[in-house]
Amino acid sequence: MSEQYYDEEYIKELADIKRYIERRISELENEIRLLKACMKIIDEKLSKISFRPAIEMVKEKEEVRRKERIEIRHRQTGRLLAIAEKTPNKLKIIIVRGIRVPVARGIFQSFFIRKILEKMKEEDENAVYEGKLAPTEVLKYDIVDENGYLKEIIIYNYRSKDRLKEIISSIRWTLERIQEK
């Protein structure tokens, strides 16, 4: 068996390389640990917002079965203005063809959105702040338009008969005013 002789410089160089490799392995292990923690957080968020649990899908099917249609008619002429499809947690108001409601301006924006829906939303946000309401129960809405004119509005979490009644009467009043012009 032959032993090779290595000079001190070579041994020092090997020791430096070993320390560098150990340091890099440690750094990379820390980076992997942090990346895994980030992935866990992202997975948790995605599972809450992207994938619906089975119980939600069952509730949605039940809501479809319990859907109620409400005709929104002009109080004086009886003309059909919109149809509302109501479920326990959602109200979808579909504007009848031929009725042109500008989305970005006018009475729809200044009255219905700002004074009715935004006011309800603000009340809900205050209730969340006070701990009286869960954040997921805050009123929210989606406006669907076609070339700047309202096609439908979907309101989530209206939560009470009084609010439902106020929303229906307010959209009726808004649509009647628009028809008068």
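Here are the numbers for the structure shown:
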item	result
Extreme residue, farthest from Lys48 (Cα to Cα), among residues of the stretch 110-140 that are over 18 Å from the mean Cα position of the chain (by Cα) and surrounded by 17 or more Cβ atoms within 10 Å (Cβ to Cβ)	Phe112
Strands (runs of 3 or more DSSP E) contained entirely in the stretch 84-181, each with at least 1 residues that are among the basic types (Lys, Arg) and closer than 19 Å to Ile72 by Cα	90-95, 149-156
Residue count for the stretch 127-153, restricted to those that are of a type in the set (Val, Ile, Thr) and either within 18 Å of Arg114 (Cβ to Cβ) or outside the structural domain of Leu117 (by TED's automatic domain parsing) (or both)	3
Answer residue from the stretch 136-181, given it is of a type in the set (Gly, Ala, Ser) and without any contact (Cβ under 8 Å) to a residue 12 or more places away in the chain and is nearest to Arg105 (Cα to Cα) among those	Ser169
Pair list, Cβ < 9 Å and 6+ apart or interchain, from the stretch 112-129 residues that are touching a residue at least 60 places away in the same chain (Cβ under 8 Å) to residues that are surrounded by fewer than 17 Cβ atoms within 10 Å (Cβ to Cβ) and assigned to a helix (DSSP H, G or I)	Phe112/Ser170; Phe112/Trp173
Number of the exception - Asn89 against (1) within 17 Å of Ile155 (Cβ to Cβ); (2) modelled with pLDDT of 90 or more	(2)
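The values are calculated or read from the model by the stated rules, or taken from the named source; none is laboratory data. As the structure is a computational prediction, the values presented were derived from the model and not from experiment. We place every Cβ from the backbone using ideal geometry, glycine too, and count neighbours over all the protein chains shown.
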